[in-house]
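The values are calculated or read from the model by the stated rules, or taken from the named source; none is laboratory data. Since we're looking at a predicted model, the values are computed, not measured. Backbone-built Cβ (ideal geometry, glycine too); neighbour counts: all protein chains shown. To get the accessible areas, we keep the full protein, side chains included, count just its heavy atoms, and leave off ligands, DNA and RNA. Shrake-Rupley method; radii C 1.70, N 1.55, O 1.52, S 1.80 Å.
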Amino acid sequence: MTLLALNKPFGTICQFSPHPTRPTLAECVTRPGVYPAGRLDADSEGLLLLTDDGRLQARIAEPERKLPKTYWAQVEGAYDEAAVARLRGGLDLGDFVTLPCQAREIPEPASLWPRHPPIRYRANIPTHWLEITLVEGKNRQVRRMTAAVGKPTLRLVRVAIGPVDVFSLNLAPGQWCELPQQILTLSGQPRSRPSR
């Protein structure tokens with residue numbers, strides 16, 4: 001059984017087969033026979049786990065397994081506690097209602113790697129950062145949630161899956177490492193992470 005952690009770069013598609021316009025996981029991961037356990041859309045960055053074991057893939061990806069996934073989202077607009085409270089309580093996004101989640105404002109992460117290309121800066125529109133921890137992972141869910149409360153996501157980075165944290169692994173974008181499968185049997189409770 002193989003379990004890998006990858007810091008997926010911005011713009012990379014979560015597939016190994018060639019794509020006509022975008023880089024794929026094949027440009028980052030050289031280990032054969034692994035596949036993503038869950039997904040990150042091309043415009044999102046950060047921690048992606050890959051495995052060659054179907055049962056482990058289910059443990060990581062299925063919402064009923066309650067493995068928390070933590071994201072840092074740079075969102076448009078000034079901080080609004082009422083909007084964040086709406087995120088925490090669960091939102092009706094039309095095709096589904098989100099489960100309650102953890103959400104809080106964090107300082108701008110000082111040691112987060114630069115994004116290429118960078119977020120377009122607009123002097124007259126403020127931004128702030130939120131940390132959001134979910135136990136589900138529907139398609140583009142965090143982006144849809146922040147948009148639903150009037151705070152569109154400008155940058156989205158998944159920083160942790162359960163006890164696995166991209167910063168403690170010291171992975172730069174495009175880098176990966178092998179993990180012991182036992183790491184996911186540790187407590188799945190999300191930890192408070194210092195802003196980096």
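Side notes on the structure shown:
- Lys, Arg +1 and Asp, Glu -1 on Cβ, resulting dipole of region 23-148 about Cα centre, debye, nearest 20: 100
- Residue ranges 153-162, 23-32 sort as 153-162, 23-32 when ordered by packing (mean number of other C-beta atoms within 10 Å per residue, highest first).
- Ordering Ile183, Leu56, Cys14 by the projection of their Cα atoms onto the charge dipole of the chain, which places +1 on the Cβ of Lys and Arg and -1 on the Cβ of Asp and Glu, puts Cys14 at the extreme positive end.
- Accessible area per residue in Å² at 1.4 Å probe, computed on the chain: 48
- Of the peptides 115-125, 166-176, the ranking by mean beta-carbon count within 10 Å, highest at the top, reads 166-176, 115-125.
- Hull-based mean projected area of region 68-161, where the convex hull spans the alpha carbons, in square nanometres: 6.1
- Between the alpha-carbon centres of region 121-181 and region 31-63 there is a gap of 15 Å.
- Interchain or long-range residues, amide H under 5 Å from Thr127's placed H: Gly77
- Take the Cα of Tyr79, step 7 Å toward its Cβ, do the same at Phe96, and the gap between the two points is 3.0 nm.
- Solvent-accessible area, 1.4 Å probe, carbon plus sulfur percent, for the chain: 52
- Of the residues Ala148, Pro163, Leu99, the one whose Cα sits farthest towards the positive end of the charge dipole of the chain is Ala148 (charges of +1 on Lys and Arg Cβ, -1 on Asp and Glu Cβ, taken about the Cα centre).
- Working note: 222 nm ellipticity from helices only, DSSP H runs with n ≥ 4, each -39,500 (n - 2.57), summed and divided by the residues of the chain, gives -3500 deg cm²/dmol to the nearest 500.
- Of every Cα-Cα pair in the chain, the percent that sits beyond 27 Å: 27
- Whole-Hz couplings from phi, Karplus 6.51/-1.76/1.60, listed for region 12-17; x for Gly and Pro: 8, 7, 7, 8, 9, 5
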